[in-house]
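Asker: Okay, handing you the structure first.
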Amino acid sequence: MKRIFIDYEKCVACKACEIACAIEHHPDKSVLSLVGDKKAHSNVKVIAVENINFASSCRHCDPAYCVDACPSGALKRDRFMNAVIVDPYMCKACAMCAMVCPFDAITFKKTYNSPFGRDHAVKCDFCIERIKIGLNPACVDACKTKALVFTDSESFVKSKEKADLKSFLVGHSKEPANVKLFKELKKEML
Amino acid sequence: MKIVTVGCGMAAAEFVETLRTNGSNDDIVMISNEPFIPYSPCSMPFYISGEPIDTVFWKGINFYKRYNIKTILGRPVTNIAVENKCVEINGSDRIFYDKLFFASGSRSYFPDDNWLNIAGVFGFKNLQDILVIDNYIKSEKVKRAVVFGGGFIGIDAALSLWKRGLNVTVVHRNNRVLSQMTDQEGGIYATEKLREKTGINIILKSVVKNIIVDSGKLKGVTLDNGDSLAAELLIVTIGVIPNTEMLGVNTKGIEVDFDLKYHNDVYVAGDVASTKHMITQKSGVYATYPNARSQARSIAYDILFNKNLFRGSLNTNVLKKHIEFPIISAGYFEGDPYTYCDEEIFRRIYLKDDQIYGYLLVGDTSISGFIYNLYISQKKVGNNIMKFLSLKRGKAYYIQALSV
Ligand code: SF4
Ligand code: SF4
């Protein structure tokens, strides 16, 4: 089963993934519409931990803490990608899911999909509709340094020395020289 | 094999679904004194605040058909003869079983049984309550409501009535609402947030002493300090009673071990089960959905595969519906407290022997899942905990992962 992986050594924190995700989930599908739009949202977030930047999002765990916690029938596993999907119609924004997600991958927001004019759980939906027509998730396509990779999980995890969660993050390949330089310069500037 | 459930609540629905999705072809009969398809008590208050009824049927409206379940609904179980493996319904009909799943839920506790006969006084425990309250608000054009009891269910009720546009007053005995899921300081912080960010009026250190009635209808309440409040609606949420009488057991819940068995072929789960706590091993009724789910699934696995997975219940909870400052708590507030607090966030973690013993997180969910996992795994955290307490979104897990 394909999953999105983050090769953090390559991430330059340009946030192209965040913008691409927000565009993909906006009804107008345009970057201009995002400006000042409170209902726009990105399901991926670039975070910085001790000089390391990387895009963080839902891992579509299996079994998933969040699915097991939802008391409203709003979190389901999609058959096609085995992805964990929120149904905003059933979601009551009770936060049982967010309370247990180790990666803080669920937030709450009033979006264009809110059926009842209030917030609901918002998380990565794997861009299922794009994948169905043969495209990559929007964030993966937007990533210029190929830090985000959409690949078969088994082979990717096996190719790592450690199969623990940390290796999920660790580099697919070595950091390219130009990226390394960019990061060094950035550190100097901080 | 014939498998019978007493109750059609969350535990029973989860149980039956686990059986069927794991290949069980057994005869399954679900019995309940309620007339409904399985519904979510977590979702149902939203019907009062104006959302459609189909959203409360969390397992789908074709549940019984989809899983080929026979049902006996709207009729009470009056006795269970465990030696004869027999459930008696309405004092007459008998249903025999090979395995019994007992999850009959609980009901609201009323301080005075006479209140039950007054129009305008309701509990807030089942879907029937919700439908009747909704109807009453419409037919009587209710404007003012009093919620007696500011625990989780009471605040849930108050918020949904407030969303509906009613003028709502919560009367609570303690010096803060949600007193069971908060410590002093955190609870006062949460109470102030509720006051500040919702229009709910909260009266503390008080109880409703009497009700004011005119021609059979509620007109108001009087408090223990002598004050009175005008109201057309009173919701009583000061406690619940597990429905265990039909097993001939006292009302504090049926105490079971990790096997969740009351008797050879009788399992209990949900609001009626007094189970061991995963961390403290202390027995108690831990009536939340995740516990009902893990109990129900463990029992289904035990029946199907002879595998016992249950590792105990947790007392985790979160209140977030209708508000933007989640109130999250777990465990017990004993040990050494570590606190982070600013205008929007209050976080406190209690450590014992360097392990998390309890926590309270008000304001957001940023570190809650991370802390939850430290708690259930009982990892040694020590002073390190301070560096996680003030974190903003998304970082805690990775800081830990990358620092190893
Ligand atoms: S939201 Fe969190 S718990 Fe749920 S699948 Fe995603 S990463 Fe896992
Ligand atoms: S917030 Fe929504 S998706 Fe999350 S547990 Fe509650 S109902 Fe389910």
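Asker: Which net charge results when you count Lys and Arg as +1 and Asp and Glu as -1 among the other residues whose beta-carbon is under 13 Å from that of B:Ile367? The partial results should precede the final answer.
Answerer: Numbers: positive: B:Arg347, B:Arg348, B:Lys387, B:Lys392, B:Arg393, B:Lys395; negative: A:Asp104, B:Asp364.
Counting the neighbours of B:Ile367, the net charge comes to +4.
Asker: Write out the trypsin sites (Lys or Arg not before Pro) in segment B:197-288 meeting two conditions: DSSP loop, and at most 15 other Cβ atoms within 10 Å of their Cβ.
Answerer: On the way: sites: B:Lys197, B:Lys205, B:Lys209, B:Lys217, B:Lys219, B:Lys252, B:Lys261, B:Lys276, B:Lys282; in loops: B:Lys205, B:Lys252, B:Lys282.
In loop regions of segment B:197-288 (DSSP not H, G, I, E or B), the sparsely surrounded trypsin sites (Lys or Arg not before Pro) are B:Lys205, B:Lys252, B:Lys282.
Asker: Something else about it: Do you know the relative contact order of segment B:109-239, to the nearest whole percent, from alpha carbon pairs under 8 angstrom that are 6+ apart?
Answerer: Values: 251 pairs, mean separation 43.8, N = 131.
Worked out over segment B:109-239, it gives 33 percent.
Asker: Tell me, how many Å apart are the Cα centres for segment B:66-106 and for segment B:288-332?
Answerer: Rounded to whole Å, the Cα centres lie 25 Å apart.
Asker: Over what distance in Å are the Cα centres of segment B:1-16 and segment A:1-25 separated?
Answerer: Cα centres, segment B:1-16 to segment A:1-25: 44 Å.
Asker: For B:Thr280, project a label point 7 Å along Cα to C-beta. Then give me every residue of segment B:312-347 with its amide nitrogen under 11 Å of that point.
Answerer: Residues B:315, B:331-335 fall inside that zone.
Asker: Which is farthest toward the positive dipole end of the protein assembly as shown among B:Leu389, B:Tyr67, A:Ser30, measuring Cα position about the Cα centre, with Cβ charges +1 (Lys, Arg) and -1 (Asp, Glu)?
Answerer: With unit charges placed on the Cβ atoms, the residue in question is A:Ser30.
Asker: Continuing with the same structure: What accessible area per residue, rounded to a whole number of Å², is obtained for the protein assembly as shown using a probe radius of 1.4 Å? Numbers along the way, then the final one.
Answerer: Numbers: 25640 Å² over 594 residues.
Per residue, the protein assembly as shown has 43 Å² of solvent-accessible surface.
Asker: What's the carbon and sulfur percent of segment B:109-239's accessible surface, probe 1.4 angstrom, rounded to a whole number? Working shown, then result.
Answerer: On the way: 2590 of 5670 Å².
Within segment B:109-239, the accessible surface is 46 percent carbon and sulfur.
Asker: Shifting gears a bit: Taking R0 as 22 Å, what FRET efficiency do you get between A:Lys144 and A:Leu32 from their Cβ-Cβ distance, rounded to the nearest 0.05?
Answerer: On the way: r = 21 Å, r/R0 = 0.94.
With a Förster radius of 22 Å, E is 0.60.
Asker: Are there any trypsin sites (Lys or Arg not before Pro) in segment B:358-404 that are in a DSSP loop and have at most 15 other Cβ atoms within 10 Å? List them by number. Can you show the working numbers first?
Answerer: Numbers: sites: B:Lys379, B:Lys380, B:Lys387, B:Lys392, B:Arg393, B:Lys395; in loops: B:Lys379, B:Lys380, B:Lys392, B:Arg393, B:Lys395.
Those that pass, being in a loop and sparsely packed, are B:Lys379, B:Lys380, B:Lys392, B:Arg393.
Asker: Modelling each spin label as a point 7 Å along the Cα-to-Cβ direction, I'd like the B:Ile212/B:Leu304 distance in nm, to one decimal.
Answerer: 5.7 nm
Asker: I'd like the carbon and sulfur percentage of the solvent accessible area for segment B:325-404, probe radius 1.4 Å, heavy atoms only, ligands and nucleic acids excluded.
Answerer: On the way: 1470 of 3090 Å².
Reported share for carbon and sulfur atoms: 48 percent.
Asker: Using +1 at the C-beta of Lys and Arg and -1 at the C-beta of Asp and Glu, which of B:Leu402, B:Gly91, B:Ala330 has the Cα lying farthest in the positive direction of the dipole of the protein assembly as shown?
Answerer: Of the listed residues, the answer is B:Leu402.
Asker: I would also like to ask the following. I want to verify a result. In a Gaussian network model of chain B, Cα cutoff 10 Å, which of these has the top mean-square fluctuation: B:Gly382, B:Gly369, B:Gly23?
Answerer: B:Gly23
Asker: So if I place +1 on the C-beta of Lys and Arg and -1 on the C-beta of Asp and Glu, and nothing else carries charge, what would the dipole magnitude of segment B:332-403 be about its Cα centre? I want it in debye, nearest 20. All intermediate terms of the calculation are to be shown ahead of the outcome.
Answerer: Numbers: 9 positive and 8 negative charges, 61 e Å.
Dipole of segment B:332-403, to the nearest 20 debye: 300 debye.
Asker: Another question about this same structure. In the structure shown, do any of A:Lys45/A:Lys109; A:Lys92/B:Lys125; A:Lys29/A:Lys146; A:Lys92/B:Lys379; A:Lys15/B:Lys392; A:Lys109/B:Lys387 have a Cα-Cα gap over 20 Å, and if so which?
Answerer: On the way: A:Lys45/A:Lys109 15 Å; A:Lys92/B:Lys125 18 Å; A:Lys29/A:Lys146 23 Å; A:Lys92/B:Lys379 32 Å; A:Lys15/B:Lys392 18 Å; A:Lys109/B:Lys387 27 Å.
From the list (A:Lys45/A:Lys109; A:Lys92/B:Lys125; A:Lys29/A:Lys146; A:Lys92/B:Lys379; A:Lys15/B:Lys392; A:Lys109/B:Lys387), the Cα-Cα distance tops 20 Å for A:Lys29/A:Lys146; A:Lys92/B:Lys379; A:Lys109/B:Lys387.
Asker: Under a Cβ-only charge scheme (Lys and Arg +1, Asp and Glu -1), can you give me the dipole magnitude of the protein assembly as shown about the Cα centre, in debye to the nearest 20? Display every interim value, and only then the final one.
Answerer: Details: 76 positive and 64 negative charges, 265 e Å.
It works out to roughly 1280 debye.
Asker: Let me ask something additional. Report, in debye and to the nearest 20, how large the dipole of chain B comes out about its Cα centre when Lys and Arg carry +1 and Asp and Glu carry -1 on their Cβ. Provide the component values of the computation, followed by the final result.
Answerer: Working: 46 positive and 41 negative charges, 154 e Å.
Around 740 debye, computed over chain B.
Asker: Just to confirm the filter: which trypsin sites (Lys or Arg not before Pro) across segment B:44-147 are DSSP coil and have at most 12 other Cβ within 10 angstrom of their Cβ? Working shown, then result.
Answerer: On the way: sites: B:Lys59, B:Lys65, B:Arg66, B:Lys70, B:Lys85, B:Arg94, B:Lys99, B:Arg107, B:Lys125, B:Lys138, B:Lys141, B:Lys143, B:Arg144; in loops: B:Lys59, B:Lys85, B:Lys125, B:Lys141, B:Lys143.
In loop regions of segment B:44-147 (DSSP not H, G, I, E or B), the sparsely surrounded trypsin sites (Lys or Arg not before Pro) are B:Lys141.
Asker: Next up: Along each of the three principal axes of the Cα atoms of the protein assembly as shown, give the extent in whole Å, ordering the values from largest to smallest.
Answerer: Ordered largest first, the protein assembly as shown gives principal extents of 82, 59, 52 Å.
Asker: Where in chain B is the longest stretch that carries no GluC sites (Glu not before Pro) classed as loop by DSSP and with at most 10 other Cβ atoms within 10 Å? Intermediate results must be reported in sequence, preceding the final value.
Answerer: Details: sites that count: B:Glu83, B:Glu343.
It works out to B:84-342.
Asker: A further question on this structure: If the chain between B:Asp336 and B:Asn167 were fully stretched, how many nm would it gain, using 0.36 nm times the residue separation less the Cα-Cα distance?
Answerer: Values: separation 169, 0.36 × 169 = 60.84 nm, distance 4.05 nm.
The B:Asp336-B:Asn167 span can extend by a further 56.8 nm.
Asker: What total accessible surface area, summed over both chains, is buried at the interface between chains B and A, computed with a 1.4 Å probe and given in Å² to the nearest 100?
Answerer: On the way: alone 18200 and 11030 Å², together 25640 Å².
The contact between A and B buries close to 3600 Å².
Asker: Separate question: Using Cα-Cα distances under 8 Å and only pairs 6 or more residues apart, what relative contact order does segment B:1-119 have, in percent? Display every interim value, and only then the final one.
Answerer: Working: 185 pairs, mean separation 38.7, N = 119.
Reported relative contact order: 33 percent.
The values are calculated or read from the model by the stated rules, or taken from the named source; none is laboratory data. All figures in this text were calculated on a predicted structure; none of them were measured in a lab. Every residue, glycine among them, receives a Cβ derived from its backbone with ideal geometry; neighbour counts consider all protein chains shown. SASA here: full protein model, heavy atoms, side chains in, ligands and nucleic acids out. Shrake-Rupley method; radii C 1.70, N 1.55, O 1.52, S 1.80 Å.
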